[in-house]
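Colleague: Can you keep this structure in mind? I'll have questions shortly.
The values are calculated or read from the model by the stated rules, or taken from the named source; none is laboratory data. Here the structure is a predicted model, which is why all the values come from computation and not from measurement. Here Cβ is always computed from backbone atoms with ideal geometry, including for glycine, and neighbour counts include all displayed protein chains. Areas reflect the complete protein model, heavy atoms only, side chains present, ligands, DNA and RNA absent. Shrake-Rupley method; radii C 1.70, N 1.55, O 1.52, S 1.80 Å.
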Amino acid sequence: CHRFRKGVYDFKRLIPARSSCTNKCHQDKGKSKHVHGPVGAGICISCHSPHGTVFPSFVPREGGDLCTICHQGRKDEFEQANIHSPVEEGCSDCHNPHESPNRYQLKGKGGSVSNLCFTCHEEGIFMKGNKHGPVEEGDCIACHRPHSSENPSLLIATPDGGALCFECHEDRKEEFTMEYLHAPAEDSCADCH
């Protein structure tokens with residue numbers, strides 16, 4: 001890990017050697033399709049202290065605090081009104097911090113976001129005969145934000161007045177702006193659908 005300058009064994013002159021933990025001790029890391037940037041670049045000390053810490057896995061911080069050191073743009077997102085409970089516990093409940101066969105280093109099996117969601121959420125409620133298109137495709141994030149939201153149930157928009165549904169069904173919006181509306185259609189599409 002370190003080399004000495006021209007054979008002088010003075011510990012004040014230790015020079016970090018150019019090395020990657022994935023080339024030496026941790027050869028099993030960095031082999032998947034989607035690799036976390038520091039792992040791919042061999043800069044493991046971005047997240048791990050090589051000498052030791054008070055936390056497991058030699059990390060200098062716990063939970064999301066470790067991730068938001070680099071991913072500061074996400075920090076505001078985690079301070080919204082409704083936080084997804086795994087986010088409160090730390091990013092590694094859903095993301096593999098090193099690598100994954102799935103995009104964004106997600107832990108879900110088969111590359112599907114819904115497979116990740118179903119590790120905590122009951123899959124049976126989505127097994128009805130007629131399914132909403134995104135549910136059929138396993139596209140939970142078509143309607144829900146994965147980390148946090150200002151809306152209940154982590155929705156991408158408020159369900160009131162059809163705002164959520166019009167995110168995709170904009171072609172139907174004109175029908176709901178007419179002078180005479182059926183009363184249930186004024187509140188939420190979910191009153192009937």
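Colleague: Could you figure out which of (1) in contact (Cβ under 8 Å) with a residue 24 or more places away in the chain; (2) closer than 30 Å to GLY37 by Cα; (3) not hydroxyl-bearing (Ser, Thr, Tyr) isn't true of CYS189?
Modeller: Only one criterion is unmet by CYS189, namely (2).
Colleague: Identify all residues within the stretch 39-67 that are open to solvent by less than 70 Å² (accessible area, probe 1.4 Å) and either under 17 Å from the mean Cα position of the chain (by Cα) or in contact (Cβ under 8 Å) with a residue 40 or more places away in the chain (or both); write none if there are none.
Modeller: VAL39, CYS47, GLY63, GLY64, LEU66, CYS67
Colleague: Moving on. Only one of these is of a type outside the set (Gly, Ala, Ser), under 28 Å from GLU167 (Cβ atoms) and more than 12 Å from the chain's Cα centre (by Cα): ASP139, ASP93. Name it.
Modeller: ASP139
Colleague: Another question about this same structure. Limited to the stretch 50-87, what total is found for residues that are in contact with a Phe, Trp or Tyr (Cβ under 8 Å, 6 or more places away or on another chain) and charged (D, E, K, R)?
Modeller: Total satisfying the criteria: 2.
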